[in-house]
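Worksheet: one structure, shown below.
The values are calculated or read from the model by the stated rules, or taken from the named source; none is laboratory data. Since this is a predicted model, take the numbers as computed values, not measurements. Cβ: placed from backbone, ideal geometry, glycine included. Neighbour counts: every protein chain shown. Accessible surface areas use protein heavy atoms only, side chains included; no ligands, DNA or RNA. Shrake-Rupley method; radii C 1.70, N 1.55, O 1.52, S 1.80 Å.
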Amino acid sequence: MDNGPLLDDADQNLGTPKATGTSLLPPRRQYLEVSSPEVFEEPGPALLPEYLQIIRRRKGTLILIVFLGLLTSVLLTLPQTPIYQARASIEIQNLNENFLNMRNVSPNSDDGGSSAPESDVQTQAKILQSESLLERVAAKLDLEKKLSPGEGSSRLSAWRKALGLPEKRQASTREKILTLVTNNLKISTAPDTRLVEIRYDSTDPQLAADFANTLTTEFIQQNVESHFKATQQTGEWLTKQMDDVRIKLEKSEDELQGYAQASGLLFMSEQDNVAEQKLRQLQEELSTAQADRVAKQAKYELASTEPSESLPEVLDDAALKDYQVKLTDLRRQLAELSSSLTPAHPAVKKVQAQLSTLEAALDKERTNVTERIRDEFQSAERREHLLAANYAVQARLMTEQAAQVTHYNILKREVDTNRQLYDSMLHNVQEAGMTSALQASNIRVVDQAEPPTRPYKPSIVLNSALGLLAGAFFGVAFIVVQERADRTIHAPGESMTYLDVPELGAIPSAKATRSRLVGYYHNGNSLETKKSKSGNPWGVELVTSNKKPSILADAFRATLTSILYSGDNGNRPRIIVITSTNPEEGKTTVACNLALALAEIGPSVLMQSVLLVDGDLRRPRLHEIFGVPNQWGLADLLEGKTPPNGCEGMVYKTGFRNLNLLPSGSSTANVAALLHSPRAFAFLNRMRQEFHTVIIDAPPMLNMPDARVLGRLADGVVLVVRSAETMRDAALAAKQRLTEDGTRVLGTILNQWDPRTTNQHTSGYGYKYY
């Protein structure tokens, strides 16, 4: 390899910069300050897309658990005995409890039957499960002979026999049948309806249908019998009560008639006697007379105090109105004649005579109206006095008979009460007789039970579905818990979520590209395998330049594009530090390929070359990858040593166009002290002027300060994160330390990402590479 000098003029004072009294480190940049690097803030709750991504990534485990759930359900279903279920349905109709007014006389009437239909349906459903009804059905079907011992035995007894435990006290045959029937019978009601469904389970389909139908028939018969007995009891009770009431009625009527005859009271009707009716009439007439007298007295007083011509009766009288019109006309004629004739003229005298006669007649009519008002008032007053006197006499008579009438009314009310009660009870007895003759029932059969053709349980489909659901549930829970326990970074986007910094790119693993990546380099017009001193080929480290048409190389080129465009206001970073949280995360591979990708842009774009610096002074590898000697390098330069080949041999050409390398050197001095020396700042300033871009491969930063020191001197730091290896807490701690140092974090690069495990495939897989 031709490793000629790259720099023509070396700065002799590079290792001994002048002291200016101020720090040679760049000013501390202002970034978000974090109070404590030990406290890491967890992201918010996972969203549905994140859970779906986790499930897709672990779909193999999920499928296995789901299959185990399905297999378990099938193995538990096959040994079970087939059970048949017969179904019948009935309707609980509204029974007219007040038919023929029976509710008012029945001593055991249920007033809530019509006001609470839902309660009535629930009551009937409980009656369907009563022991008395079940005993009737069992006796009619002769279940003692039809039920096998195996069916009658409970599962608890079977388990006791299997485990060798002592049996409990043996129940009687009746108790066993009732227990079996109760366990197999299911009664359900549909909401907001009057329908009741009857289901019975049995290993015999015909027995299941017969039991459901027999239960329905016996329930209807029991209902009819219950209503008949209730009505019959009501009729008997009413008959007894009616005899007692009849005796009381006869006795009270005799007492009433005897008292009326003894007291001499006369009654025109059942309600009033003669004296009371007369007093009521006098009171009404007296009230009318008083009102009439008051009205006529008011008219008379008005006529006595006001002029007669202003009275309403005078003003409203038609004759007086006619006189007034004629009088007005004569006065008009007199005025016309007086204007042209003398008072002695016959025509004037004639009109005056007519006028005097008419005025005298008008005054007489007014006087008559006033006298008529006075006569009417006096007549009303006399009538009032007469009625008041008669009323007082009749009131004294009623006062004398008040005690007798009161006692008579008491006896009469007792007679009326007894007569009404007797009539009502007689009517109810007749209605009860008619009701008892009606065999009515409020139960209607909707569906008869038919023998089922197939067992309803065990259902292989239902149990399999439940097994699948249970397996899916536990599988998802297991996967999510396992995924949450894994605190490493796996897929693209996670580092941006957890670290709150840009993700510059994702580098797929070599296995994911499904191609054998072996390093090559240009040597004349041929391609040869690039080997280290030990003879092992370097593949992934040089893939960007050695195997250009590949997904892996394009991933590095895309990452480089993100880095170049990460500057503010178009100012790209010139000195970039590549580091990681821990060793073996691929920082050296990333640094090599980024440098190769930047160098291959060409001299037409890059006016200067690219410099790759091996800043890992503890475990250097770049000189082995590029095949250059490491007798002199960065450590020697920071110690102030002179290059062995002069200043022209400060850096080495790598054999790749536009790419130069500064190895770490062979110095064994304190690495931290070298990086903190002023020579480091002066060296990087010089390299900034000489090269287009400087990429520094720094050691892991969690346990060593080298990357933090170099980051303060550089334009930015790129943090390499290895998929499924780098812990989120470690990456977050590294980022916070750089932020506290005032170092600009350009972003992260996800390395060794396997899209097959995260179900995220890049668009590059859709292209054909040669």
Cα gyration tensor shape of region 330-464, rounded if a/c is under 1.5, else prolate or oblate by comparing a/b with b/c: oblate
Zone residues, region 188-226, relative to Ser119, backbone N less than 18 Å from point 7 Å out along Cα-to-Cβ: 192-194
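For each pair in Lys140/Lys176; Lys511/Lys587; Lys126/Lys457, compute the distance between the two Cα atoms and list the pairs where it is over 21 Å. If you can, show how the numbers build up before the last one.
Working: Lys140/Lys176 17 Å; Lys511/Lys587 18 Å; Lys126/Lys457 25 Å.
Cα-Cα > 21 Å for Lys126/Lys457; rest within.
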Separation of the Glu285 and Asn685 label points, Cα + 7 Å toward Cβ, nm: 14.2
Relative contact order computed over region 623-725 (Cα-Cα under 8 Å; 6+ residues apart), in percent: 22
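Could you compute the FRET efficiency for Asp500 and Ser226, with r as their C-beta to C-beta distance and R0 at 56 Å, rounded to 0.05?
Details: r = 79 Å, r/R0 = 1.40.
After rounding to 0.05, the efficiency reads 0.10.
Taking K and R as +1 and D and E as -1, what net charge do the other residues with C-beta under 13 Å from the C-beta of Ala262 add up to? Could you put the intermediate results ahead of the total?
Working: positive: none; negative: Asp254, Glu255.
So the surrounding residues net to -2.
Ranked by accessible surface with a 1.4 Å probe, highest first, in what order do Asp500, Asp754, Asp244 come? Mind showing how you got there, number by number?
Working: Asp500 125, Asp754 30, Asp244 80 Å².
Final ranking, largest accessible area leading: Asp500, Asp244, Asp754.
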Accessible-area value, Thr399, 1.4 Å probe, nucleic acids and ligands omitted, Å²: 100
Amide H within-cut-off set for Ser609, under 5 Å, with H built and near neighbours excluded: His692
Order by protection proxy (mean Cβ within 10 Å, highest first), peptides 49-55, 83-89: 83-89, 49-55
Length released on extending from Ser340 to Ser424, taking residue separation times 0.36 nm less the Cα-Cα span: 20.2 nm
³J(HN,Hα), Karplus 6.51/-1.76/1.60, whole Hz, each residue of region 654-660, x for Gly, Pro: 9, x, 9, 4, 6, 10, 10
Amide proton proximity set for Glu503, modelled H, under 5 Å, gap of 5+: Thr748
Thr179 paired with Ala477, simple spin-label distance in nm, labels 7 Å along Cα-to-beta-carbon: 3.4
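If I take R0 = 22 Å and measure r between the Cβ atoms of Gln206 and Ser172 in this structure, what FRET efficiency does the formula 1/(1 + (r/R0)^6) give, to the nearest 0.05?
Once rounded, the FRET efficiency stands at 0.25.
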Interchain or long-range residues, amide H under 5 Å from Arg722's placed H: Asn751
For Lys350, solvent-accessible area (1.4 Å; no DNA, RNA or ligand), Å²: 130
